[in-house]
Structure formats: C-alpha cells, structure tokens
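Enquirer: Below is one structure. I have some questions about it.
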Amino acid sequence: MSGSTDARTALVTGASRGIGLAIAVELARDGFAVALNGLADDEELRAAERAVRELGGPVTTVVFDVADTARHEHALAEIEETLGPLTTLVNNAGVSVASRGDILDVTEESYDRCQAVNARAVFFLCQAFARRLLGRRRDAALYHSIVNVTSANASAVAVQRAEYCASKAAAAMISQAFAVRLGAEGIAVHDVRPGVIETGMTAPVIESYARRVEEGLTLIPRIGQPVEIGRIVATLASGRLPYTTGQVVSADGGMLISRF
C-alpha cells in the first residue's frame, strides 16, 4: 500500500470532466489523495489524472460503470490498496435523459438508465462505502463523509426531462436516509444540488439558459462554473461545515428561492 494511513482519501465518481474533475482538483488542493472514476480508460480520464497529479498529491484512476453494482466493492478495495483507507465518497457520476420532450413520450429505457446511474448506483455505492468504514477501526481525528451531487431538479420540475428529475429526487432521499443511518457512526452525508452549471451536459441548452439568467432566473446573474461546485464539495468533505449532516446545499445562484 503506497498511501499514508493518516491521509484523507476520496473517491470521486464521474471525474473525467466537468463537475467531477473540478471536485477532484479542489479536493487535491485541500490535501486529499484522490481516486478518479471514469467509465473508460480513455484520454479524457488520463488527462484528468494528469491535471490532478500536477497538484502534487497522490492520485489514481479506477475504471468502472457505477451502474454495475457488482463492481463497487472491488473498486473500493482497489483504491485502498493503492492510496490507503478511504475517508470520503463523492457520488457525482450522472446521466441525462435520452432526449428532452413530452413526459408522455418518455421511454422505459431512458427512465431506467437515469434511475440506474443517478439513484441506484448512489444507493449501493453509499452502502458499500459505509460498510467498509464501519468494518474497521477509524482514526477519530479524520473527517469521514459522503457527498452526493444531485441537482436542483431534485425538487424543481423540468417536465421535458421528467425521468431525470425523478432520479435526482430519489438520490436526494437516499442522501437523507444515509445521513440518518450514519450520523451516530461519525460519517456525515450531504446533498449538493447544482443549478445551471456550464458543463458538457448542459452545452446543448446553455444558450437558452443564459438568456433566462439575463431575464432573472437566478439571483446571482450568471451561470455557475464547475470549480464553484468543486469548492463547495471540498468544503463539506474537509469538515469545514462542522456539526452538520443531511444538509442540502443549493448551488444554484438563488434560482429556487420563492419570489413574487
């Protein structure tokens, strides 16, 4: 095992690009050893690894489909063999809908894909991570946490991608359930809900959202950036929001505040 036994070590799923990569970078800046998960061992994941490695801390990649729950335990074991005991899980990997459109036209395939990646994978990776932590002695001086990146659509309906909303609402409840179960065990669980963030996933609609932002969609009059979500997650994972668990952090520029 090459990792230090007293280091903070995080797994970030969906870390090849966008919000996941930004989270990995900010965790590395905070001194975490970081395992970057990607769906394939491709140039995108290798470039992400290089970007994190440039910050000087321990880093590795772990390739698996988060929807393949049979791979979860093996992946966690692989990370710990390379970097040392995990302290932190960031469930960031997610998929959007097969196509935007009328809720009456949603296919079972699109619905099931959203649920498999955005909800089911989150549930069972939280479970595998928690079981691993509870099955060993842990350094009480280290902060242990799960941060689930859900979405503003966990509560706000976008009817043209209803199956995505349903999956993110499920992920939000998963966060609450694990917070209740793990609070007494010294493992905090948080739910970060990005709003309109400039990523590859939002690229097809970013111009329309930019116009809506100009018209007052958000209280902070601009589109959010992945690095901002990264800093929020690093703040939570580092325990800089003490004596909290089950928190919902709406990283949406004030978009969902009720207004007249």
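Here, each number is a calculation from the coordinates, and none is a lab measurement. None of the values given here were measured: they were computed from a predicted structure. No Cβ is skipped: glycine too gets one built from the backbone with ideal geometry, and neighbour counts run over all protein chains shown.
Enquirer: Quick check for me: using +1 on Lys/Arg Cβ and -1 on Asp/Glu Cβ, what's the dipole size of the chain about its Cα centre, in debye to the nearest 20?
Expert: 780
Enquirer: On to the next question. To the nearest 10 degrees, how steep is helix 72-83 against the longest Cα principal axis of the chain, on a 0 to 90 scale?
Expert: Orientation of helix 72-83: about 50 degrees from the principal axis.
Enquirer: Quick one: helix 18-29 against the long Cα principal axis of the chain, what's the angle to the nearest 10°, folded into 0 to 90?
Expert: The answer is roughly 40 degrees.
Enquirer: Something else now. Going by C-beta contacts inside 10 Å, put Ser151, Ser99, Ser250 in order with the fewest on the left.
Expert: Placing the least packed residue first, the sequence is Ser99, Ser250, Ser151.
Enquirer: Quick one: order Thr150, Thr87 by neighbouring beta-carbon count within 10 Å, fewest to most. Could you put the intermediate results ahead of the total?
Expert: Values: Thr150 27, Thr87 24.
Arranged by neighbour count, lowest to highest, Thr150, Thr87 become Thr87, Thr150.
Enquirer: Shape call for the stretch 193-260 from the C-alpha gyration tensor, a ≥ b ≥ c root eigenvalues: rounded (a/c under 1.5), prolate (a/b greater than b/c) or oblate?
Expert: Because a/c hits 1.5 or more and a/b fails to exceed b/c, the stretch 193-260 counts as oblate.
Enquirer: For the stretch 240-260 and the stretch 187-214, write down the distance between their C-alpha centroids in whole Å.
Expert: 15
Enquirer: Which listed residue (Leu134, Ile23, Met173) has the Cα farthest towards the positive end of the charge dipole for the stretch 9-251, taking +1 on Lys and Arg C-beta and -1 on Asp and Glu C-beta about the Cα centre?
Expert: Working it through, the farthest residue towards the positive pole turns out to be Leu134.
Enquirer: So, one more: So, with +1 on the Cβ of K and R and -1 on the Cβ of D and E, and no other charges, what is the size of the charge dipole of the stretch 1-151 about its Cα centre, to the nearest 20 debye?
Expert: Dipole size: approximately 600 debye.
Enquirer: Name the residue from Ile79, Ser110, Gln247 whose Cα lies farthest towards the positive end of the charge dipole of the stretch 9-251, charges +1 on Cβ of Lys and Arg and -1 on Cβ of Asp and Glu.
Expert: So the residue we want is Gln247.
Enquirer: Roughly speaking, what is the stretch gain from Val205 to Val63, that is 0.36 nm per residue apart minus the C-alpha to C-alpha distance, in nm to one decimal?
Expert: Contour length minus the Cα-Cα distance gives 48.2 nm.
Enquirer: Right, something else. Got a sec? How would Tyr111, Tyr243 order by Cβ neighbour count within 10 Å, fewest to most?
Expert: Fewest-to-most ranking of Tyr111, Tyr243: Tyr243, Tyr111.
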